[in-house]
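Only one structure is covered here, and it is reproduced in the block below.
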Amino acid sequence: MLMRTDPFRELDRLAQQLVGPGTWSKPSAMPMDAYREGDEYVVAFDVPGVTADAIDIDVERNMLTVRAERRPVAKADDAQMELSERPLGVFSRQIVLADTLDTEHITADYDAGVLTLRIPIAERAKPRKISIGVGTGHKEISG
């Protein structure tokens, strides 16, 4: 068996062993990217090795919570583990969403170990033109 040594990976592995796998009461961190694309925000979470049914997404008020559980892979009775670096357990991430986002229309897609959430910007938060009435004494807002 060919092995390559990376001292930083070893430190990460040791730290994970000391902390132990994430549990529902104390989950491990989950890496993510977030960016704006047109009229929506996109948030992508890395959850490789997790089945779609082991992912839980909740929104309560403006708090988005994503939890995922990576379970051990079933091995044959005579299998002997040589190396185990892939973390198991529960992973979680919470994000506070701005009031300008439409939490009623969040969509989720899971492909190749990446969970992608698309959160549209609420209509009330989009820029709009305000027209000025001449001689009427009031302003109209057009959507």
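The values are calculated or read from the model by the stated rules, or taken from the named source; none is laboratory data. None of these values were measured; they are calculated from a predicted model. Neighbour counts run over all protein chains shown; Cβ positions are idealised from the backbone, glycine included. Surface accessibility is based on the protein's heavy atoms, side chains included, excluding ligands, DNA and RNA. Shrake-Rupley method; radii C 1.70, N 1.55, O 1.52, S 1.80 Å.
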- Message: Can you work out the Karplus-derived ³J(HN,Hα) for every residue in region 82-98? Use 6.51 cos²θ - 1.76 cosθ + 1.60 with θ = phi - 60°, whole Hz, and x for glycine or proline.
- Response: 9, 8, 9, 10, 6, x, 10, x, 9, 10, 8, 8, 10, 10, 8, 8, 5
- Message: I'd like the accessible area for THR100, computed on protein heavy atoms only with a 1.4 Å probe and all protein chains in place. Round to 10 Å², please.
- Response: 70 Å²
- Message: Given the whole protein assembly as supplied and a 1.4 Å probe, what does the accessible area of MET63 come to in Å², nearest 10?
- Response: 70 Å²
- Report, by chain and number, residues whose modeled amide H sits under 5 Å from the one on ASP102, excluding near sequence neighbours (fewer than 5 apart, same chain). ILE121, ALA122
- Query: Given labels modelled 7 Å from the Cα in the Cβ direction, how far is it in nm from VAL42 to ASP99?
  - Reply: 2.9 nm
- Accessible area of TYR41, 1.4 Å probe, to the nearest 10 Å²? 90 Å²
- Message: At 0.36 nm per residue, and after removing the present C-alpha to C-alpha distance, how many nm does the segment from THR65 to ALA108 gain when stretched out fully?
- Response: 14.2 nm
- Accessible surface ranking that places the most exposed of ASP99, ASP78, ASP58 first, with a 1.4 angstrom probe: ASP78, ASP99, ASP58
